[in-house]
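S.K.: Got a structure here, written out as C-alpha cells. Questions coming.
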Amino acid sequence: MAAAVERKTVPLAPEVVEELTRFADCVKSMQNGAMDPNDFKKFRLNNGVYGIRGETDRHMIRIKCPHGIMTADQLDAVAEVTEKYTRLKLGHVTTRQAIQIHHVHVNDVATVLRTLNESGLTSREACGNTVRNVTATPYAGLLKDEAFDITPYARSMFDYFLRNAAVQNFPRKFKIAFYGGGADDLAYTAINDLGWIATKRTVNGKEEKGWKTYIGGGLGANPQLAILLEEFTSMEDFFPTAVAATRIFDRHGDRKDKFHARLKFVVKKFGEEAFRRMIIEERTATKVTRPGGWGWTLPADDSTPVPSFTPSVNGSVKPETGFELWRKTNVLEQKQAGYSLAIVVTPLGDIDVPQMRKLADIARRFNGGQLRTMVQQNFLLPWVKNEHLVALYNELKAITLAEGGALRLADVTRCPGADTCQIAVTKSRGLAGAILDLFKNGLIADADMKDLSIKISGCTNSCGQHHIGNIGFFGTYRKVGGREVPHYQVLIGGDIRAGFAAFGQPVGVVPAKRTPELVKHLVELFKKEKQDGERFVAFTARLGRDRLKAEVEPFKALPPFEEKPEMYYEWGEHETFKAVIGQGECAA
C-alpha cells in the first residue's frame with residue numbers, strides 16, 4: 001500500500017473560509033433546533049452534501065473535478081478524507097466526472113470540505129438546484145482532428161458560474177458539457193442542458209473559432225435530445241449565450257412541479273423555434289445590459305502546453321500478461337509526438353483508498369501528477385511517454401487497475417443504487433458486479449467488444465445513463481407469488497454521438513437474478529446473427545421490437561420460492577427483498 005504523502009495545499013479564499021465556518025455553525029444550529037432541517041438540507045445540497053439512504057446523520061459528499069481535471073495531490077486529499085471519515089473507504093467516479101464519498105458523519109463534513117478545498121477541489125454546487133459540475137471530453141488537447149483545445153473554455157465557464165449568485169436557486173439542476181470534435185464525444189453533449197462542440201469557420205479568408213451549440217437535453221425519467229441552437233456561436237457570444245440560457249431557465253422553469261422543472265421541459269412548452277428565439281433575444285439583452293461582461297473572461301490562449309516533468313520510471317521492464325489487450329483497448333497515441341494517454345478502468349466506478357494513493361503516486365512518477373476523470377466512470381492518464389507504457393501497465397496491474405476493454409462491453413456504467421441512494425429501487429452495484437463476472441465465466445473473448453455498451457440505474461432517474469446504453473437497465477420490482485422481487489426494465493438500442501442520442505426502447509422486465517443470463521443471451525445472439533460490420537444498435541433495429549421482446553420473454557420466469565429462494569433476493573443479499581423508496585433530494 002502506498003503511504004500517505006505530504007500534500008501541497010493552497011490558501012483558502014475568504015469566501016471559502018466563510019462558507020466552511022458557516023457550514024459548521026449551521027450543523028450546530030440544526031442539531032440544537034435553532035435551524036429548520038429543511039433549510040439546512042437546501043444549504044448542504046448547495047455545498048455538495050447529499051443525504052444517505054437509511055441515515056439521518058451521515059451524508060454523501062460529491063467532489064467536483066472541473067471538466068475532469070485533477071492532480072495527484074488532489075487524489076491524495078480524496079484518499080485522506082475517505083480513509084479518515086467514511087464508512088465504505090471507497091470513492092465512486094460519477095457520470096459527471098465527480099468523485100463521491102459516502103457515509104460521512106455530519107459533524108465531520110466541514111473538516112472534510114476544508115481538506116478538499118485546501119487541495120484545490122470543491123464540492124460547492126455539486127448538488128442542488130444549481131449549475132452542476134462542468135464536464136468535458138477527457139481527450140481535450142490530446143488527439144488529432146479536434147477543432148481546438150476546449151480545456152480553458154470549460155474552466156472559464158466553471159469558474160464564472162461557481163458561487164455566482166444568479167444560479168443558486170434554479171427550478172432544478174443545470175448541466176453543461178464541452179466536446180472538442182474529432183474522436184468520440186465522450187462528454188455526451190447531446191444530453192446536457194447546454195452542450196458546446198468546438199468548431200471553426202472561415203470568413204473572408206480568416207479562420208474563426210466558435211461553437212456548434214446544443215441546448216435543452218437531458219435524461220431522467222423523460223429523456224430528451226438537445227436541440228441545435230445554432231451551427232456557429234462566436235466567441236463573442238460564448239458567455240452571453242450561456243447566461244441567456246440560465247436566465248430563460250430561471251424565468252420559465254417549473255418551480256411547482258420538480259419532476260418537470262428541467263430546461264428540456266421549457267423547450268417542450270414553447271416549441272423549438274420559439275425557444276431558439278427566446279435564447280437569442282435574451283442573449284442580445286445580456287450583451288446590452290452587460291457590456292464587457294460581468295466577471296466572465298475568455299481565455300487568452302487555448303494552445304495545449306506540453307508539460308514539463310521528468311519521469312521517474314524504469315522503462316526497461318517486461319510486460320505482464322494482458323499488456324497487448326490493454327494497449328489495444330485502453331491506450332491512444334497523442335497528437336504530441338512521443339506521448340500516449342491511457343484509460344484506467346475502475347470496475348463498477350469504484351476505487352479504494354490504497355488504489356487512490358498508488359494511482360496518485362503512479363501519476364506523479366509517470367506524467368507529472370496529471371489525472372482526468374471520465375463521464376464513463378474511469379480515470380485517464382495523459383502525457384505518458386510511449387516507452388513507459390509497459391511499466392505503467394505493470395504498476396496498474398499490481399493494484400488491479402489494469403483491466404482492458406475500456407469503453408467496451410465489459411466497461412459497465414452504473415449508478416450507486418440502493419446501497420446509498422434514497423430513491424433507488426435496486427442495488428445496481430450488485431447487478432453490475434454479476435455482469436462483470438460473466439467476462440470471467442464464458443464471455444472473456446467478448447470483453448473488448450467495442451460496439452456494445454451496458455448502462456445500469458437503480459431507478460428511472462438515469463444516473464447510470466441507462467437510456468443511452470446499447471443495453472440499458474433500470475431498477476423496479478414486481479410481485480411474484482405474493483413476494484416483492486427486484487426486477488430490471490430492459491431497454492435496447494440506446495446510442496450517443498456528437499449532437500445525437502437515441503434512447504433505448506423498453507422490451508420487457510426481468511428479475512434481477514436473471515438479468516446477467518439475459519445479457520449473455522443478447523451478446524451471443526448478436527454474434528450469431530449480425531451482418532458484417534453491423535453495430536449492435538443497427539442489429540437490434542433490424543430485428544425489431546417484437547423480436548427483441550420475444551428474446552427477453554424466457555428470462556421473466558422464476559422457479560417457486562421454495563425451490564430457489566435466492567432467485568428472489570437482490571444480488572449480494574441473503575434475505576427477502578423489500579422495495580423501500582425514500583424521499584429523494586435530487587429535486588429538493
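Read-outs throughout are calculated quantities, based only on the coordinates presented, and are distinct from any laboratory measurement. Everything numeric here is computed off the predicted structure, so don't read it as measured data. Here the Cβ is made from the backbone with ideal geometry for all residues, glycine too, and neighbour counts use every protein chain on show.
S.K.: Just the number, please: Stokes-Einstein D of the range 81-137 in µm²/s, Kirkwood Rh from C-alpha pairs, 4 °C, 1.567 mPa s.
M.R.: The diffusion coefficient I find is 105 µm²/s.
S.K.: Can you pull the one-decimal nm distance between simple spin-label points at Glu55 and Lys269, each 7 Å off the Cα toward Cβ?
M.R.: Reported label-point gap for Glu55 and Lys269 is 3.6 nm.
S.K.: Taking the Cα centre of the range 14-118 as origin and charging only Cβ (+1 Lys, Arg; -1 Asp, Glu), how large is the dipole, in debye to the nearest 20?
M.R.: Approximately 440 debye in magnitude.
S.K.: I've got another one for you. Check cross-link reach from Lys564 to the lysines: straight Cα distance under 22 Å, and skip same-chain residues fewer than eight apart.
M.R.: Partners within reach: Lys427, Lys479, Lys513, Lys520, Lys556, Lys578.
S.K.: May I pose another question? Too long at a 32 Å Cα-Cα cut-off: which of Lys42/Lys455; Lys173/Lys206; Lys64/Lys144; Lys84/Lys397?
M.R.: Violating the 32 Å limit, Cα to Cα: Lys173/Lys206.
S.K.: Provide the net charge surrounding Gly128, with neighbours chosen by a C-beta distance below 9 Å and charges set as Lys +1, Arg +1, Asp -1, Glu -1.
M.R.: +2
S.K.: Can you tell me which of 106-117, 421-432, 326-337 comes out highest on packing, and rank the rest after it, using the mean Cβ neighbours within 10 Å?
M.R.: 421-432, 106-117, 326-337
S.K.: How large is the translational diffusion coefficient of the chain in µm² per second when you combine the Kirkwood radius over alpha carbon pairs with Stokes-Einstein at 37 °C and 0.692 mPa s?
M.R.: Value of D from the Cα-based Kirkwood radius: 133 µm²/s.
S.K.: A further question follows. What Kirkwood Rh does the range 470-588 have if only Cα atoms enter the pairwise 1/r average? Answer in Å.
M.R.: Roughly 16.0 Å, rounded to one decimal.
S.K.: Mind listing the long-range amide H neighbours of Ile496? Cut-off is under 5 Å, sequence gap 5 or more, other chains count too, H placed in the peptide plane at 1.01 Å from N.
M.R.: Counting only residues 5 or more places away or on other chains, the set is Ala502.
S.K.: Here's something else I'd like to know. Quick one: go through the range 347-383 and flag any residue whose amide nitrogen is under 20 Å from the point 7 Å out along the Cα-to-Cβ line of Ser308.
M.R.: Answer for the range 347-383: 364-371, 383.
S.K.: I would also like to ask the following. What does the extension gain come out to for Glu573 and Ala285, with contour length at 0.36 nm per residue minus their alpha carbon separation?
M.R.: Fully extending the segment from Glu573 to Ala285 adds 98.0 nm.
S.K.: Using the structure shown, list the pairs from Lys89/Lys175; Lys209/Lys287; Lys28/Lys264 with a Cα-Cα distance above 31 Å, or answer none.
M.R.: Lys28/Lys264
S.K.: If the chain between Ala166 and Asn32 were fully stretched, how many nm would it gain, using 0.36 nm times the residue separation less the Cα-Cα distance?
M.R.: Stretched out fully, the Ala166 to Asn32 stretch lengthens by 45.1 nm.
S.K.: Estimate the FRET efficiency between Glu529 and Asp437 by the formula 1/(1 + (r/R0)^6), using the beta-carbon distance for r and 22 Å for R0, to the nearest 0.05.
M.R.: 0.30
S.K.: Starting from the alpha-carbon convex hull of the range 324-458, give the projected area averaged over all orientations, in nm².
M.R.: Over every viewing direction, the Cα hull of the range 324-458 projects on average to 8.6 nm².
S.K.: Any chance you could check the Cα centroid distance between the range 373-425 and the range 134-200 for me, in angstrom?
M.R.: So the two Cα centres are separated by 21 Å.
S.K.: Let me ask something else. Where does the charge balance sit around Phe323 when Lys and Arg score +1, Asp and Glu -1, over other residues with C-beta under 13 Å from its C-beta?
M.R.: In short, 0.
S.K.: Related question: Can you give me the relative contact order of the range 14-118 as a percent, contacts being Cα pairs under 8 Å and 6 or more apart?
M.R.: 28 percent
S.K.: Taking the simple approach of a point 7 Å from Cα along Cα-to-Cβ for both Glu15 and Phe259, what is their distance in nm?
M.R.: Taking the simple label geometry, Glu15 and Phe259 are separated by 3.6 nm.
S.K.: Only counting other Cβ atoms within 10 Å, I'd like Trp296, Trp211 sorted with the fewest neighbours first.
M.R.: Trp296, Trp211
S.K.: OK, next. List Ser123, Ser29 from most exposed to least, where exposure is judged by having the fewest other Cβ atoms within 10 Å.
M.R.: Ser29, Ser123
S.K.: Mind pulling up the Rg/Rh value for the range 212-343? Radius of gyration and Kirkwood radius, both on Cα.
M.R.: On the Cα set of the range 212-343, Rg over Rh gives 1.18.
S.K.: Run the numbers on the chain and let me know its relative contact order in percent, using alpha-carbon pairs under 8 Å that are six or more apart.
M.R.: 13 percent
S.K.: Shifting gears a bit: For the ranges 515-524, 229-238, what's the packing order if you count other beta-carbon atoms within 10 Å of each residue, average per peptide, and put the highest first?
M.R.: Taking the mean over residues of other Cβ atoms within 10 Å, the ranking is 515-524, 229-238.
S.K.: For the chain, what does the helix formula give at 222 nm: sum of -39500 (n - 2.57) over DSSP H segments with n ≥ 4, over the residue count, nearest 500 deg cm²/dmol?
M.R.: -9500 deg cm²/dmol
S.K.: Pairs of Cα atoms under 8 Å, at least six residues apart: use those to get the relative contact order of the range 85-174, whole percent.
M.R.: Contact order relative to length: 26 percent.
S.K.: To make sure I understand, if each residue's beta carbon is the centre and we count other beta carbons within 10 Å, what order do Val203, Val537, Val81 fall in, fewest to most?
M.R.: Val203, Val537, Val81
S.K.: Net charge within 15 Å of Gln334 by Cβ-Cβ distance, Lys/Arg positive one each and Asp/Glu negative one each, not counting Gln334 itself?
M.R.: So the surrounding residues net to 0.
S.K.: While we're on this one: Placing +1 on the Cβ of each Lys and Arg and -1 on the Cβ of each Asp and Glu in the range 135-289, which of His260, Ala187, Gly271 has its Cα farthest towards the positive end of the resulting dipole?
M.R.: So the residue we want is His260.
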